[in-house]
1. For the pair residue A:340 and residue A:261, what calculated FRET efficiency results from E = 1/(1 + (r/R0)^6), where r is the Cβ-Cβ distance and R0 = 35 Å, to the nearest 0.05?
2. Need one number: nm distance between label points at residue A:91 and residue A:285, each 7 Å from Cα along Cα→Cβ, rounded to one decimal.
3. Using alpha carbons only, how many angstrom separate the centre of region A:340-357 from the centre of region A:207-225?
4. Residue separation times 0.36 nm, minus the C-alpha to C-alpha distance between residue B:111 and residue B:125: what's the value?
5. Set the Förster distance to 56 Å, then compute FRET efficiency between residue B:42 and residue A:78 from the Cβ-Cβ distance, nearest 0.05.
6. Could you give the length gained on full extension between residue A:205 and residue A:353, defined as 0.36 nm per residue of separation minus the Cα-Cα distance, in nm?
7. Can you give the extra length, in nm with one decimal, that the chain gains between residue A:452 and residue A:378 once fully stretched, where that is 0.36 nm per residue apart less the Cα-Cα distance?
8. Quick one: which of A:248-261, A:343-356 comes out on top by average Cβ neighbours within 10 Å, and what's the full order, highest first?
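Where a number appears in this text, it was derived from the coordinates with a stated rule and is not lab data. Note that this is a predicted model, so its numbers are computed, not measured. As a convention, Cβ positions derive from the backbone with ideal geometry for all residues, glycine included, and neighbour counts pool all protein chains shown.
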């Protein structure tokens with residue numbers, strides 16, 4: 001409590017001083033009657049205004065830097081520490097609240113609390129939906145500062161993956177809505193594809209390829225339908241859709257074969273589905289990228305929305321966020337049941353690839369927005385010099401230029417992103433006799449199993465599915481292996 | 001002089017910040033208890049009480065009324081008896097999560113059935129135990145063999161069952177390119193007579209329009 005108060009006092013004090021200085025200068029500018037004095041006072045006011053706006057921005061750590069301790073603690077398996085870091089950031093950084101809540105949801109899930117994870121994910125999903133609408137005030141704000149001024153509405157891949165994680169969380173808490181979330185996943189991706197196609201008239205094919213459908217949606221629908229002998233036809237249809245959307249999915253053919261021609265579960269048996277969140281997912285870091293003619297052209301179009309003038313050519317590099325992927329430590333998860341190796345998980349969603357593909361498709365637009373922003377800033381400064389009739393190479397001109405440089409330097413790329421996503425979502429299915437079984441998951445690579453395995457008991461009911469979820473960002477599992485249906489005696493979580 | 005002005009400005013700034021914090025505080029939430037006559041709030045993003053309440057009321061009442069005509073309300077020795085219905089859960093096949101409404105829908109159906117003169121619900125725990133003992137799943141009750149087996153087990157446990165009730169929620173979404181959408185919610189009840197194997201079905205539908213602007217209803221449907 002004491003430290004919170006101290007932090008609050010420290011942040012509010014300079015702000016009060018800044019406000020009072022600003023106010024007194026503004027008053028002086030208004031009451032002055034002398035023309036030249038008025039201009040000088042106005043300039044001095046603008047200079048101070050720029051400094052006051054810029055000072056809090058310069059030297060600030062980006063979202064990328066701030067979430068590093070959370071990521072590190074999480075990857076080390078220290079969920080309590082990760083949560084503590086996250087809670088501190090949640091109190092300090094309101095603009096990053098939604099994206100931090102997404103990370104919190106992953107921590108909750110790994111801690112064995114799927115219901116809490118579902119609640120958080122649902123909250124952010126609804127908030128992102130609200131933010132999808134264009135807000136002119138925020139758009140102008142981001143033109144004057146940077147994209148961090150906009151409320152974070154989520155990357156397209158994140159919007160789809162929120163629904164994917166909702167479905168998995170619901171499955172692990174036996175909520176009965178996993179199918180609904182799986183449908184939402186497909187529906188959202190379809191909406192995004194439609195919106196992006198409408199925006200990018202020039203290269204529809206490229207964009208459609210970058211935004212291909214996510215096969216996890218029909219996979220979960222098919223899996224749920226397969227549990228009942230009455231809905232096997234629907235299961236087969238969903239399995240065919242999986243194969244169509246993710247042709248490289250290893251188990252696609254076996255799944256179709258089973259649904260169409262075999263008995264999904266033999267008498268006295270049930271099926272175990274293992275979901276594994278493998279690797280460290282994509283994050284965004286700031287890079288300086290050169291500007292080409294293509295981006296200038298798009299910036300020109302963007303600029304048209306505000307002004308009927310052309311964008312002056314500016315080829316200096318701009319700061320933009322770039323999606324960064326990590327080389328996965330483990331390729332997959334090998335599954336051992338009752339001491340016997342039964343197989344390995346297969347990738348159904350490659351999140352890293354999905355994020356990179358989508359960013360590449362929108363790359364010219366991202367740079368163009370940064371260029372348009374620079375032009376707006378330069379325009380304001382030029383306009384100011386014109387109004388104030390400042391002579392070239394004068395002291396005032398130098399002051400305005402310095403303010404302009406500082407204004408542009410204060411710009412940082414928006415590196416907000418869902419930092420605790422996995423690199424891939426992998427699945428594995430295995431039919432087992434009714435009863436309790438010991439399941440051990442091993443991190444697995446090209447040269448076999450390695451790292452620290454994790455074990456949990458799972459109960460198989462006749463003709464029913466049981467589910468298991470493991471989170472493997474590096475070479476050992478983080479938190480608990482979640483199982484569903486849960487043992488009624490297990491009160492934890 | 002400057003110091004005095006600075007102090008005045010500082011005092012004004014502090015007062016301004018304090019006033020701003022007092023007016024626009026987002027940390028509060030307010031609530032009130034609704035009267036019987038108050039209409040339900042309309043969910044802006046998904047179906048809520050305004051959708052489920054009328055759907056349940058109309059479908060359950062109509063189904064029970066239809067079935068009432070064919071049931072014998074007295075036993076062979078003249079004792080009044082209610083027909084016992086086995087109802088497990090609501091199956092959500094829609095594209096919207098029902099979340100905590102799942103249990104509420106179950107309880108609503110439970111209340112309506114138990115209020116009727118001809119029917120009553122069997123305790124859900126007894127049903128689950130019976131299914132487990134019979135080694136069958138709820139959806140297998142559609143097959144005559146599984147139904148007979150289940151009825152036998154429940155009879156032995158002194159929890160005889162006359163009907164099995166299934167509830168399903170479906171939805172269909174229509175979108176236009178202005179991001180407005182219409183969702184049709186269909187609530188279906190199916191009742192299976194365990195003795196005859198005959199099944200009856202009743203559905204109720206509600207259509208809801210979701211709009212991104214206040215004029216959306218006017219633009220799409222010509223009314224607000």
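1. Efficiency at R0 = 35 Å is approximately 0.85.
2. According to this spin-label approximation, the distance is 3.0 nm.
3. Region A:340-357 and region A:207-225 have Cα centres spaced 13 Å from each other.
4. Working: separation 14, 0.36 × 14 = 5.04 nm, distance 1.68 nm.
This chain segment gains 3.4 nm when fully extended.
5. Values: r = 45 Å, r/R0 = 0.81.
It comes out at approximately 0.80.
6. 51.5 nm
7. This chain segment gains 21.1 nm when fully extended.
8. A:343-356, A:248-261
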